[in-house]
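The structure appears right after this line, and notes come after that.
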Amino acid sequence: MNLKNLLSALILAGFAGAASAEEDPAVARTVEQVKMLDALYKTAIVLITEHYVENPSSISAATASKLLFAEMKKNGFHDIRLLGLTDQLTNPEENTPTGDFEKTAAERLLGGDEHYKRVIKEGDKRYLYIATGVPVVMEKCVMCHANFKDKTGPIGALAYKVAVIE
């Protein structure tokens, strides 16, 4: 599969039918914003892997992405975590799903859902929590993660916490 088709499949897989017609318009706007963020982050992960990961000692796309995620949080834009969904995590203290939302999202994504979302009110503000699956999309992924070879379905997830765009 060429890079363009690979990216399209990866990006669209996480959001088929994410917003429904009867959904709160503010939540639907926020889902659209997260769709853009999901496309951006997944594209970056694939491009970093494709162009810069040459061997197991190279900085991984996951490590680079976590640095980017930390900057977004530090600047108050949104919170995003990379979750591991397999029984062999490289950094279990960082990537294990925690809390009710992440644990439920992991179960749902592993069960075949394309995404899992929830709106949660914290104080006087609403937040969209949404998780999308991250599958193995290229051979370079298994260069460092041999346990992912021939694995179908999500091996990880991106879990977002984004303020609802009221």
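The values are calculated or read from the model by the stated rules, or taken from the named source; none is laboratory data. All figures in this text were calculated on a predicted structure; none of them were measured in a lab. With ideal geometry, Cβ positions are generated from the backbone for all residues, glycine too; neighbour counts draw on all protein chains shown. Just the protein is used for accessible areas: all its heavy atoms, side chains included, with ligands, DNA and RNA removed. Shrake-Rupley method; radii C 1.70, N 1.55, O 1.52, S 1.80 Å.
Contact list please: Cβ distance under 7 Å, first residue in the range 50-66 and more than 16 Å from Val137 (Cα to Cα), second residue open to solvent by 50 Å² or more (accessible area, probe 1.4 Å) and assigned to a helix (DSSP H, G or I), pairs at least six apart or on different chains.
What qualifies is Pro56/Met143; Pro56/Cys144; Ser58/Tyr52.
Return yes when His78 is more than 15 Å from Ala163 (Cα to Cα) and modelled with pLDDT of 90 or more and no when it is not.
No; evaluated as a whole, the condition is false for this residue.
Could you list all residues from the range 49-74 that are β-branched (Val, Ile, Thr) and open to solvent by 40 Å² or more (accessible area, probe 1.4 Å)?
Answer for the range 49-74, where residues must be β-branched (Val, Ile, Thr) and open to solvent by 40 Å² or more (accessible area, probe 1.4 Å): Ile59, Thr63.
Of the residues in the range 117-166, how many are touching a residue at least 40 places away in the same chain (Cβ under 8 Å) and more than 17 Å from Phe69 (Cα to Cα)?
Qualifying residue count for the region: 20.
Can you find a residue in the range 122-139 that is of a type in the set (S, T, N, Q) and closer than 20 Å to Phe77 by Cα?
Looking through the range 122-139, at least one residue is of a type in the set (S, T, N, Q) and closer than 20 Å to Phe77 by Cα.
When residues of the range 32-48 are filtered for being open to solvent by 20 Å² or more (accessible area, probe 1.4 Å) and touching a strand residue (DSSP E or B) at 6+ places or on another chain (Cβ under 7 Å), how many remain?
1
Name the single residue, out of those in the range 75-99 being touching a residue at least 24 places away in the same chain (Cβ under 8 Å) and assigned to a helix (DSSP H, G or I), that is surrounded by the fewest Cβ atoms within 10 Å (Cβ to Cβ).
At the first step, the residues of the range 75-99 found to be touching a residue at least 24 places away in the same chain (Cβ under 8 Å) are 78-86, 88, 90, 94-95, 97.
Add one more test, that the residue is assigned to a helix (DSSP H, G or I), and what stays is 94-95.
On the way: Glu94: 13, Asn95: 19.
It comes out as Glu94.
Of all the residues that make up the range 90-115, how many are within 12 Å of the chain's Cα centre (by Cα) and closer than 13 Å to Pro154 by Cα?
5
If I ask for residues that are small (Gly, Ala, Ser) and part of a helix (DSSP H, G or I), which ones from the range 38-74 would you list? Explain how you work it out, then say what you get.
In the first step, residues of the range 38-74 are kept if they are small (Gly, Ala, Ser); the result is 39, 44, 57-58, 60-62, 64-65, 70.
Scanning the range 38-74 gives Ala39, Ala44, Ala61, Ala62, Ala64, Ser65, Ala70.
With the condition being open to solvent by less than 20 Å² (accessible area, probe 1.4 Å) and touching a Leu at 6+ places or on another chain (Cβ under 7 Å), I'd like the strands (runs of 3 or more DSSP E) fully within the range 105-166 carrying at least 1 qualifying residues. Before the answer, list the steps.
Numbers: elements: 115-122, 125-135, 154-163.
So the answer is 125-135, 154-163.
Restricting attention to the range 27-37, does a residue exist that is over 16 Å from Leu128 (Cβ atoms) and either in a loop (DSSP other than H, G, I, E, B) or among the β-branched types (Val, Ile, Thr) (or both)?
Checked the range 27-37: no residue is over 16 Å from Leu128 (Cβ atoms) and either in a loop (DSSP other than H, G, I, E, B) or among the β-branched types (Val, Ile, Thr) (or both).
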